Amino acid sequence: MKVLKKIKQRIGLSNRQGLICPPGQPLEFHPVHGENVMLTQGNTLAARVHSFCKAVVFTHRPVRVNEKIYIRFVEKSTNWSGSIRFGFSAVDPRQLTGNLPKYA
């Protein structure tokens, strides 16, 4: 059990403070985000404002197991040619403040 606790601590799962949310709470974007992101509409809309990098965003709460999430793209830029990356993290975004990856 000590090994499991150490693993949980290392990946940020040991401290659940601030991660509890009421059932049915809609997802919003977390205030920790890349330099080239602007959040609007109550942190429910994220837009890239400059460049092709430094635009990482997180949800403001953990996604629940078996929770359905929907991502809607409301605008497409013709200035860039590339792709979008989508993934999950077990790390609390607050732990990454000022240390976000440039190309994630």
Contour excess over end-to-end distance, with Cα ends at Lys5 and Tyr70 and 0.36 nm allotted per residue: 20.1 nm
Charge context of Val56, other residues only, Cβ under 10 angstrom, K/R +1, D/E -1: +2
What does the charge count around Pro101 come to, taking other residues whose C-beta lies under 13 Å from its C-beta (Lys +1, Arg +1, Asp -1, Glu -1)? +2
Given q = 0.24, 0.25, 0.28 Å⁻¹, what are the Debye log10 I(q)/I(0) values for region 30-104, with equal point scatterers placed on the Cα positions and solvent ignored? -1.42, -1.51, -1.69
Can you send over the carbon and sulfur percentage of the accessible area for region 46-104, probe radius 1.4 Å, protein chains only? 53 percent
For Leu45, what accessible surface area do you get with a 1.4 Å probe? Give it in Å², rounded to 10. 50 Å²
Ranking Tyr103, Tyr70 from most to least accessible area with a 1.4 Å probe gives Tyr70, Tyr103
Approximate spin-label separation Gln41-Asn99, in nm, with each point projected 7 Å along Cα-to-Cβ: 3.4 nm
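The values are calculated or read from the model by the stated rules, or taken from the named source; none is laboratory data. Quick caveat, the model's predicted, so the values are computed rather than measured. Reconstructed Cβ throughout: ideal geometry from the backbone, glycine too, with neighbour counts over all protein chains shown. Accessible surface areas use protein heavy atoms only, side chains included; no ligands, DNA or RNA. Shrake-Rupley method; radii C 1.70, N 1.55, O 1.52, S 1.80 Å.
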